[in-house]
């Protein structure tokens, strides 16, 4: 975008935010709205919070990149946006109020704050999970990405708002400083010493999400026993560490799309596979043609470090040449500790790539497909998109294999 046009586009989005709030009579004043921001874990934390509060009788709405609910009916989020613009968020809050929900939990994204989508909402709480490099091309630098995240805390600030901050993040102090003299609750994995593990939220990376949800729930007056009971009954989030096949080998679909999240998933699943005498098979691409180019070799290296078999495939090339993306990932794979040219397969068609991964698997093995999660489309050139379901594609391929 040309530098001289930015103020006009900013004003455009600001006016949309204001007009939509007026149109729906500022619905956030009639419901407790809590926003969750961070690079990773927002979707899981939002869903877990809604589950906890609804389980104890406090009907809750939520809006995430995967799903949305007014507290009564739940729909898949097909907007392709974690924090949709224009009238969407205010209308969502209006419907939540009409459905008599007491709480609304919302993902707050950096691109959403830049476009003022967090404004004209009366926030009761703000949660910071973590921050890692992401959307660098879109924002211009990591510093600008961080500033976009901080915009949410700056806007939400008041002496009555409670801020929840993951204290071990390298940038926690930035969020603490922005929260000024408001009440701040610092949380971490150590807070879960007497919280049983949840089978639907495995891995150390999910401990931060659980700790965040626990901190919010306790601060909102729920008892330890209520929270623990609700957490243990949580069934998970589609496309987030989702086990879509359990036997004769396991297949996991996960949305991991940053180097940090991909590595965390690989570490956890490699140990799970190797402990059972099996191998880890990684299926990956790199989301977002034309952006976050720096991630490609980094993600490839992690696959080369932990994957016993690797299948590189298309993800969301948009207008970029898919082969260029795959080549960059492949260069990263070659630097991995376990790299073996005979165990790397490049298959552009994602459906064929998944079928290939399944054909490589034997009893005890584990296949992990990262990047798409529960997304409904593969985005290709000229704004076109192909309907897609990662889990359904796996299940159909398994059915075909069982017939043969």
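For segment 36-66, residues that are assigned to a strand (DSSP E or B) and either without any contact (Cβ under 8 Å) to a residue 60 or more places away in the chain or out of contact with any helix residue (DSSP H, G or I) (no Cβ under 6 Å at 6 or more places or on another chain) (or both) total 4. Screening residue 110 on (1) buried (at least 17 other Cβ atoms within 10 Å of the Cβ); (2) modelled with pLDDT of 95 or more; (3) under 28 Å from residue 383 (Cα atoms) shows it passes everything except condition (2). Can you name the residue in segment 131-153 that is out of contact with any strand residue (DSSP E or B) (no Cβ under 6 Å at 6 or more places or on another chain) and within 21 Å of residue 215 (Cα to Cα) and is also surrounded by the fewest Cβ atoms within 10 Å (Cβ to Cβ) among such residues? For segment 131-153, the residue satisfying everything is 150.
The sole residue among 101, 158 that is assigned by TED's automatic domain parsing to the domain that holds residue 34, touching a residue at least 60 places away in the same chain (Cβ under 8 Å) and touching a strand residue (DSSP E or B) at 6+ places or on another chain (Cβ under 9 Å) is 101.
Looking across 178, 244, one residue alone is touching a strand residue (DSSP E or B) at 6+ places or on another chain (Cβ under 7 Å) and either on the phi > 0 side of the Ramachandran plot or touching a residue at least 24 places away in the same chain (Cβ under 8 Å) (or both). It is 244. Among the criteria (1) outside any helix (DSSP H, G or I); (2) in contact with a helix residue (DSSP H, G or I) (Cβ under 6 Å, 6 or more places away or on another chain), the one residue 191 does not fulfil is (1).
Only one of 335, 324 is touching a residue at least 12 places away in the same chain (Cβ under 8 Å), surrounded by fewer than 22 Cβ atoms within 10 Å (Cβ to Cβ) and out of contact with any strand residue (DSSP E or B) (no Cβ under 7 Å at 6 or more places or on another chain). Can you tell me which?
Values: 324 fails: touching a residue at least 12 places away in the same chain (Cβ under 8 Å).
Residue meeting the stated conditions: 335.
Quick check: is even one residue across segment 220-232 surrounded by fewer than 17 Cβ atoms within 10 Å (Cβ to Cβ), without any contact (Cβ under 8 Å) to a residue 40 or more places away in the chain and at positive phi? Yes - at least one qualifying residue is present in segment 220-232.
Kindly evaluate residue 38 against the criterion of being at pLDDT 95 or above and surrounded by fewer than 17 Cβ atoms within 10 Å (Cβ to Cβ). Answer is no for this residue.
Taking the stated definitions as given, is residue 119 assigned to a helix (DSSP H, G or I), assigned by TED's automatic domain parsing to the domain that holds residue 173 and either modelled with pLDDT of 95 or more or touching a helix residue (DSSP H, G or I) at 6+ places or on another chain (Cβ under 6 Å) (or both)? No. Considering 336, 307, 300, the condition of being farther than 30 Å from residue 141 by Cα and assigned by TED's automatic domain parsing to the domain that holds residue 394 is satisfied by 307 alone. In the condition set (1) in contact with a strand residue (DSSP E or B) (Cβ under 7 Å, 6 or more places away or on another chain); (2) crowded, with 18+ Cβ neighbours inside 10 Å; (3) under 15 Å from residue 248 (Cα atoms), residue 395 is compliant with all but (2). Where residues in segment 338-363 are out of contact with any strand residue (DSSP E or B) (no Cβ under 9 Å at 6 or more places or on another chain) and closer than 17 Å to residue 252 by Cβ, which of them is surrounded by the most Cβ atoms within 10 Å (Cβ to Cβ)? Within segment 338-363, the match that is surrounded by the most Cβ atoms within 10 Å (Cβ to Cβ) is 355. When segment 74-90 is limited to residues that are part of a loop (DSSP other than H, G, I, E, B) and within 14 Å of residue 47 (Cα to Cα), the one that is farthest from the chain's Cα centre (by Cα) turns out to be 77. Scan segment 225-280 for residues that are over 20 Å from residue 371 (Cα atoms), assigned to a helix (DSSP H, G or I) and in contact with a helix residue (DSSP H, G or I) (Cβ under 6 Å, 6 or more places away or on another chain) and the total you get is 2. The number of residues in segment 194-224 that are farther than 22 Å from residue 42 by Cβ and part of a helix (DSSP H, G or I) comes to 1. Evaluate segment 253-271: report whether one residue or more is over 21 Å from residue 41 (Cα atoms) and at pLDDT 95 or above. Looking through segment 253-271, at least one residue is over 21 Å from residue 41 (Cα atoms) and at pLDDT 95 or above.
The values are calculated or read from the model by the stated rules, or taken from the named source; none is laboratory data. Note that the structure is a prediction, hence the values are computed from the model and not measured. As a convention, Cβ positions derive from the backbone with ideal geometry for all residues, glycine included, and neighbour counts pool all protein chains shown.
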